[in-house]
Amino acid sequence: MAGSKKLKIGIIGGSGFDDPTLFENPVELDVNTPFGKPSDVLLQGQIKSVPCVLLARHGRKHQYQPSDVNYRANIWALKQAGCTHVLATTATGSLVEDYKPGDLVVLDDFIDRTWGRKCTFFDNTNGGPKGVCHLPMHPAFCERSRRAIIDAALSRGYRCHETGTAVVIQGPRFSSRAESLMHRMWGGHLVNMTTVPEVILAKEAGLSYAAVALVTDYDCWRENEKSVSVSEVLAMFAKNVKKAADVILDAVQLLASEDDLEYLSAHEDLVSSAVMLKE
């Protein structure tokens, strides 16, 4: 089974991937899914001959706030387009001193503080999967794709942390100081607004999913730290987004160079074993 799989890599992000020369033979795909429309058209092509599909999480005009993103449609659309992997970028605030603005962090776990978001495909949506899926979330991210991102970052000499727990808040507001201190007490390294339910849905879809976080600020837990501002976050993200883009592009090549794709079948088998169907 694994030997017959054709690797195709979805990239979720947007910023940093808007170079028109990045994709070879780009084609825009306007798609629909049982869960509605994704955030934007899919851009399909090749990156150095590797089949890839790019999707802007918030839309190319950044028109969707974190709680309004149709995460289910986004992941389903990538799966529908034949993706076997999803590599994502995300802007994050730091909850620990050593994770500095400008650093990269390859996430390995999360704490969910969102609410009201659709976190499963298994809800009897017409055209969706049947049954109830009790999916284990350890490990939350695919270790093979995480390793590819880590190796890509290290080979470029970028400052990169190989693990990180993201506390995912509802947004669109930033945390209060009391919340930021609480997130630190919980063991969080970073805070963002988009990793959940994206990581959960990607795992439900049987995809190899990993995310690289770009640290933009120190949130507001430090003494005498100013409140987080959108302008400062955007400035830091723009200054360093090329790092995240470079790492994702290099990781694409590393994943494509692997011959053993048995882990992809293992992801699909895990989902199958987690589904309860009515008799």
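Being of a type in the set (Gly, Ala, Ser) and surrounded by fewer than 24 Cβ atoms within 10 Å (Cβ to Cβ): is that true of residue 208 here? In short, no. For residue 138, the stated conditions hold: it is within 17 Å of the chain's Cα centre (by Cα), closer than 30 Å to residue 180 by Cα and open to solvent by 60 Å² or more (accessible area, probe 1.4 Å).
A search for C-beta distances below 8 Å between a residue of the stretch 262-276 that is over 17 Å from residue 209 (Cα atoms) and modelled with pLDDT under 95 and any residue that is open to solvent by less than 40 Å² (accessible area, probe 1.4 Å) and among the small types (Gly, Ala, Ser), counting only pairs 6+ apart in sequence or on different chains, returns 276/131.
So how many residues does the stretch 238-248 have that are open to solvent by 40 Å² or more (accessible area, probe 1.4 Å) and modelled with pLDDT of 85 or more? Count: 2.
For (1) free of Cβ contacts under 8 Å to residues at least 60 places away in the same chain; (2) within 21 Å of residue 128 (Cβ to Cβ), each residue gets a yes or a no:
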| position | (1), (2) |
| --- | --- |
| 28 | yes, no |
| 35 | no, yes |
| 43 | yes, no |
| 56 | yes, no |
| 63 | yes, no |
| 77 | yes, yes |
| 93 | no, no |
| 101 | no, no |
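Based on what the data block shows, is residue 195 hydroxyl-bearing (Ser, Thr, Tyr), in contact with a Ser or Thr (Cβ under 7 Å, 6 or more places away or on another chain) and modelled with pLDDT of 95 or more? Yes.
The values are calculated or read from the model by the stated rules, or taken from the named source; none is laboratory data. Please read these numbers as outputs of a predicted model, since none were measured by experiment. We place every Cβ from the backbone using ideal geometry, glycine too, and count neighbours over all the protein chains shown. Just so you know, the surface numbers come from the protein's heavy atoms only, side chains and all, with ligands and any DNA or RNA stripped out. Shrake-Rupley method; radii C 1.70, N 1.55, O 1.52, S 1.80 Å.
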